[in-house]
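Working notes, beginning with the structure itself.
What follows draws every value from the coordinates through simple rules; no lab data is involved. None of the values given here were measured: they were computed from a predicted structure. Positions of Cβ are generated from backbone atoms using ideal geometry, with glycine treated the same way; all protein chains shown enter the neighbour counts.
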Amino acid sequence: MDLVKRLASLALFASSLASGQNLSLTIGNSVAGQDYTMKSASFVFRVNGCADLSKAQVTAVAEGIVGGARRSAPLHPVPLQSQAGVYAIPDRSNPDGKWVFVVTANCGNETAGAIVPMNGQGFVRESTQLLSHAPSPSEIEAALKADTPSPAPGH
Amino acid sequence: MFSRKPGNRPEDERIVAEGLTRLPVVKAPDAIWNSIEASLRAPKPLETIPPRRTFAWTFAAAAALLVVAGTAVYWRAPHRTRWEVVRTTGAQAPRTETISAGEWLQTDSSSTAEMRIGTIGTVEIEPGTRLRVLTTRPNDNRLSLAHGEISATISAPPKLFFVETKSATAVDLGCQYKMKVDDSGNGLLRVTLGWVSFEWHGRESLVPAGASCRTRAIEGPGTPFFDDAPKSLTAALDDFDFSNGGEAALRTILANARPRDTLTLWHLLSRVAEPLRPLVYDRMISFAPPPTGVTREKAMALDPQTLKMWKDELAWTW
């Protein structure tokens with residue numbers, strides 16, 4: 001019985017450690033990238049909790065509504081030389097319509113995601129959603145329908 | 001007699017040894033010893049160097065001297081690269097001219113100019129501005145802003161473009177910014193992209209995009225703040241930096257700070273009097289716990305590596 005208790009507490013301890021290592025994303029202004037070549041980036045993001053960053057895979061898509069029509073365009077995250085696991089989303093002007101940038105990261109069996117609303121001044125930090133899974137279509141649609149705080153700053 | 005036959009070596013050696021013992025002992029003549037002693041006492045003649053080697057050494061020394069002198073002249077003399085300047089006055093057509101190190105450029109109340117900084121960027125010069133080109137070297141592009149306003153857009157690795165004023169030097173860290181200054185050196189730097197380091201006599205303010213920093217004659221650059229920071233915070237900061245606001249001003253800054261204002265608080269950590277440092281630290285960690293590796297002790301001791309690590313992490317919230 002004592003052994004079972006010990007094993008159970010060991011399993012709890014291991015799972016708590018594992019949860020501390022969960023894959024996640026951090027979103028920041030381009031200045032966080034500390035890379036002058038990407039100073040005009042829309043934003044930068046960091047992949048946290050990936051033991052082997054060489055195996056991390058990241059994708060990004062711009063999802064928008066322009067004149068009532070749904071638009072979708074691939075984005076191309078650029079890995080920064082200055083910091084491992086940090087990527088920049090190059091500047092992409094979307095003067096018309098409403099847009100969110102959707103980021104997904106995979107590392108081993110884990111996935112993390114982010115939905116990043118954009119306005120005329122850059123990304124909107126207050127409305128950014130950090131997820132422990134790949135953003136679902138319904139989450140993206142909801143973000144596109146949500147009110148985005150106007151010119152409030154990701155900057 | 002000494003021909004060697006295989007297997008007969010010990011016998012030969014015996015015969016030679018016997019022969020040597022039979023030789024008479026003869027004393028050496030005194031002249032030989034005198035000659036040896038004289039040669040030992042005489043100074044050693046210098047090693048003579050072949051003429052070709054002497055020439056090679058002279059040539060190498062002269063070449064080295066030339067290189068050193070050339071380098072000194074290159075660094076001391078103003079570089080003669082000329083930058084293009086496009087002047088615009090009122091409704092007149094733009095006029096293109098060039099400017100080089102040592103020359104002044106001035107705009108009046110109705111004119112502007114745009115200066116190309118080699119291949120690394122441009123500087124727009126607003127009306128009523130006077131500036132001088134100090135150097136135009138590939139690794140040191142430098143202006144002196146006497147008064148007026150400029151907007152710089154630089155696309156180059158950090159620390160290639162500098163703008164000096166009477167109270168601070170703006171060091172480009174890959175950026176876009178505006179700077180205005182009056183005749184006495186009082187002014188404001190506002191960064192729109194990247195980072196600028198605002199420096200003066202060992203004091204450094206790191207200003208990221210979206211932030212500004214004031215500078216005053218004698219005091220130098222103040223503490224940077226975000227342009228959207230509460231007025232109450234920026235007013236108190238002005239008081240702290242330039243009017244000896246002290247603890248009262250600091251407490252107002254801390255009370256009005258938002259998470260993003262850790263930019264200001266990070267700079268204040270090393271600028272407040274030591275007894276007030278814990279107040280700043282505690283306010284900073286109230287927004288977010290310090291990253292791994294940043295401890296209270298090291299932060300209080302202003303350990304440079306710790307502060308840099310913390311700033312790099314805080315930048316994700318700026």
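A few notes on this one:
- Global form of region B:79-222, assessed from the alpha-carbon gyration tensor, a/c cut-off 1.5: prolate
- Of B:Lys159/B:Lys231; A:Lys55/B:Lys178; B:Lys178/B:Lys311, those spanning more than 30 Å from alpha-carbon to alpha-carbon: B:Lys159/B:Lys231; A:Lys55/B:Lys178
- In order along region A:32-38, the phi-based Karplus estimate (6.51 cos²θ - 1.76 cosθ + 1.60, θ = phi - 60°) of 3J(HN,Hα) comes to 5, x, 6, 9, 5, 6, 10 Hz; Gly and Pro are listed as x.
- Taking label positions 7 Å along the Cα-Cβ direction at both A:Ser40 and A:Arg70, the computed distance is 3.2 nm, reported to one decimal.
- In terms of other Cβ atoms within 10 Å, B:Met300, B:Met179 run from fewest to most in the order B:Met300, B:Met179.
- A:Gln81 paired with B:Glu247, simple spin-label distance in nm, labels 7 Å along Cα-to-beta-carbon: 5.0
- Restricting region A:52-95 to trypsin sites (Lys or Arg not before Pro) in coil, as DSSP defines it, with at most 16 other Cβ within 10 Å: A:Arg92
- Rounded to the nearest 20 debye, dipole of region B:78-123 from Cβ charges on Lys, Arg, Asp, Glu: 120
- Each of A:Glu110 and B:Met300 was given a label point 7 Å from its Cα along the Cα-to-Cβ line. The distance between the two points is 3.4 nm.
- Exposure proxy ranking, count of Cβ atoms within 10 Å, fewest first, for A:Ile27, B:Ile285: B:Ile285, A:Ile27
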